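What follows draws every value from the coordinates through simple rules; no lab data is involved. What you are looking at is a predicted structure, and each value in this text was computed from that prediction instead of being measured. Methodologically, a virtual Cβ is constructed for each residue, glycine included, from the backbone with ideal geometry; neighbour enumeration extends over all protein chains shown.
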Amino acid sequence: MKIGEQIRMLRKNENLSQEQLGQKLNVTRQAIYKWENDKGYPDIQNLITLSELFDISIDELIKKDSAFQGRIKVKGGIISNRRLLASLNYFSIFFSPFIFPLITMRFGESDIKDHGRRAFLSHSIPVALYVIMVIVVYLSAYITGADQPNSILIISGAGFLALITLGVAIWNVVQGVKVLKNSFKT
């Protein structure tokens, strides 16, 4: 069954007119007519919307139409390689917080380098705060002449560091998701 016949059958099963289906897809009735009569094909975004609307996989929707399958060209996959690489700078806080951003800063394109710099700086915040906290704790012990650092200072510093680290992790996840959702300005 060709994709046009498939769309017509699914539309009629849902008791939708071409006009109603067009409104759901933000296309004209004429576009639906062209698809159903194999005079045109839906783009990948409309295929995704059709599959969601009719609760059918894209594979089932286009499987039997070899002519249409030959026309499908997805540039860089559903998520472009550039967006994926840029977002991995932020997600790398969980697996390689410094190496990955450094590599993309060195070898990436300019937009990826920018994301690498932002991620590297955000990944550095908890480390810098940890170093400052250790210096403050030991300086306070040295200044007061105590053998042990102040336990209240250690506990409050560790709590503060934990909150900052959690905030940085959340910020990185949000930034990574934003990069995946948004396309680069070209």
Net charge near Trp171: determine it from the other residues with C-beta under 15 Å of the C-beta of Trp171, scoring Lys and Arg +1 and Asp and Glu -1.
+3
By Kyte-Doolittle mean hydropathy of at least 1.0 and Cα axial length of at least 27 Å, which whole DSSP H helices of the chain are selected?
151-181
In bins 10 Å wide, starting from 0, what share of all Cα pairs of the chain does each bin hold, as a percent?
8, 24, 16, 17, 15, 8, 6, 4, 1
If I model the stretch 3-71 as equal point scatterers sitting on the Cα atoms and use the Debye formula, what is log10 I(q)/I(0) at q = 0.18 Å⁻¹?
-0.58
Can you classify the stretch 130-179 as rounded, prolate or oblate using the Cα gyration tensor, where a ≥ b ≥ c are the square roots of its eigenvalues, rounded means a/c under 1.5, and otherwise it's prolate if a/b beats b/c and oblate if not?
prolate
Normalised by the empirical 2.2 N^0.38 Å for globular proteins, what value does the Cα Rg of the stretch 81-181 take?
1.36
